[in-house]
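What follows is a set of notes on a single structure, which appears directly below.
The values are calculated or read from the model by the stated rules, or taken from the named source; none is laboratory data. None of these values were measured; they are calculated from a predicted model. As a convention, Cβ positions derive from the backbone with ideal geometry for all residues, glycine included, and neighbour counts pool all protein chains shown. Quick note on the areas: whole protein, heavy atoms, side chains included, nothing else; ligands and nucleic acids left out. Shrake-Rupley method; radii C 1.70, N 1.55, O 1.52, S 1.80 Å.
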Amino acid sequence: MSEMDKKKQTIWFLKLQTKNDDYKPLFEAAGFRVFFVPLLQFEVINKELLEACIVSPQTYSGLIVTSQRAMEGLELLIKTRSQDPTFGQTLNQWTNTILFCVGKKTLSSSPIQFSRTFVGSSTADSLAESIVNSKDFDRQKPLLFLCGNERRQELPEKLKAASILFHEQIVYRTISRPVIDNTLPRPDWLAFFSPSGVKTILEIFAPDSTFWEGVSKVAIGPTTAESLRNCNLTVNAVADSPSAIAMLNAVLRYDNLVLGKNDM
């Protein structure tokens with residue numbers, strides 16, 4: 001390792017590095033050494049049930065997707081039926097409905113071009129508020145909510161409380177992978193992307209482990225930050241939105257604040 005590398009802060013992203021991932025180039029350009037530590041695996045499930053929903057666009061007034069993983073389940077289904085012209089015609093009917101989603105990345109990964117979209121900036125909870133206040137969909141029909149097996153309760157509970165009809169379809173499941181390469185350099189920062197990731201790393205390092213000493217923690221959003229705090233772990237930074245640039249800005253703000261205090 002060069003002397004220059006020794007001076008760089010090391011950050012572990014507790015996620016799988018994906019195609020067109022912005023995290024590595026952005027953080028490396030800011031002077032970090034970047035490592036991806038995928039503690040979770042995701043498996044698409046219930047393909048037949050999802051297909052039954054998608055081939056009935058007239059049943060629904062729109063679609064709710066709160067994660068890129070759920071959108072990947074939809075994309076996989078569409079790819080498997082790409083040679084079926086009848087299925088393609090059915091998909092076209094979805095374009096006349098509305099998509100409610102969290103994050104611009106989720107929107108950009110949609111395999112369906114919706115004529116109307118609403119993008120929540122932070123959490124499924126805040127998205128639920130927007131859905132409740134929206135007048136852009138037919139409330140006589142249910143919304144189709146695509147989610148994972150470990151989805152949180154806030155969104156469905158708020159929709160139920162407001163008498164918003166919806167049909168929930170689980171399209172992927174989360175599998176814990178509590179293994180870390182012991183040759184990785186010790187991190188200065190840990191980047192968390194989900195409550196499941198928090199749960200999994202605590203299977204490796206208990207909250208009172210010396211591993212946490214001197215390690216700063218950044219969360220992709222308030223839900224993940226809350227999970228960290230509930231486990232008695234300090235949250236040093238929280239991204240304003242679920243994106244690489246927002247996470248980098250949160251980390252840099254904290255580093256600048258700490259450096260400023262140290263210089264006083």
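Surface analysis of the chain yields an accessible area of 52 Å² per residue, using protein heavy atoms and a 1.4 Å probe.
Applying both filters, DSSP loop and at most 15 other Cβ atoms within 10 Å, to the trypsin sites (Lys or Arg not before Pro) of the range 90-144 gives Lys135, Arg139.
For the range 129-264, the share of accessible area belonging to carbon and sulfur comes to 49 percent (1.4 Å probe, ligands and nucleic acids excluded).
DSSP bridge analysis restricted to the chain gives an antiparallel fraction near 15%, rounded to the nearest 5.
The Cα center of the range 193-264 and the Cα center of the range 58-105 differ in position by 33 Å. Screening the chain for DSSP H helices whose Cα atoms reach 24 Å or more along their own axis and whose mean Kyte hydropathy is at least -0.5 gives 244-263. Here's how it looks for Gln9: its modeled amide H is under 5 Å from those of Arg33, which are all 5 or more places away or on a different chain. Can you give the log10 of the normalised intensity I(q)/I(0) at q = 0.12, 0.23, 0.28 Å⁻¹, computed with Debye over equal Cα scatterers of the range 1-71? Taking Cα atoms of the range 1-71 as identical point scatterers yields -0.55, -1.07, -1.29. Computed with the Debye formula from one identical point scatterer per Cα of the range 105-225, without solvent, the log10 of I(q)/I(0) at q = 0.14 Å⁻¹ comes to -0.77. Here is the list for the range 1-64: trypsin sites (Lys or Arg not before Pro) lying in DSSP coil, each with at most 11 other C-beta atoms within 10 angstrom of its C-beta, are Lys19.
Between Ala29, Ala70, Ala250, find the one with the highest GNM mean-square fluctuation for the chain; connect C-alpha pairs within less than 10 Å. The residue that fluctuates most here is Ala29. Rounded to the nearest 20, the size of the Cβ-charge dipole of the chain about its Cα centre is 220 debye, with Lys and Arg at +1 and Asp and Glu at -1.
Only sites in a loop by DSSP and with at most 12 other Cβ atoms within 10 Å count here; which trypsin sites (Lys or Arg not before Pro) in the range 184-264 make the cut? Taking the range 184-264 and a limit of 12 other Cβ atoms within 10 Å, no loop trypsin sites (Lys or Arg not before Pro) are found. Calculated over the chain, the projected area of the Cα convex hull averaged across directions stands at 16.2 nm².
Three principal axis extents describe the C-alpha atoms of the range 203-264; from largest down they are 33, 30, 16 Å.
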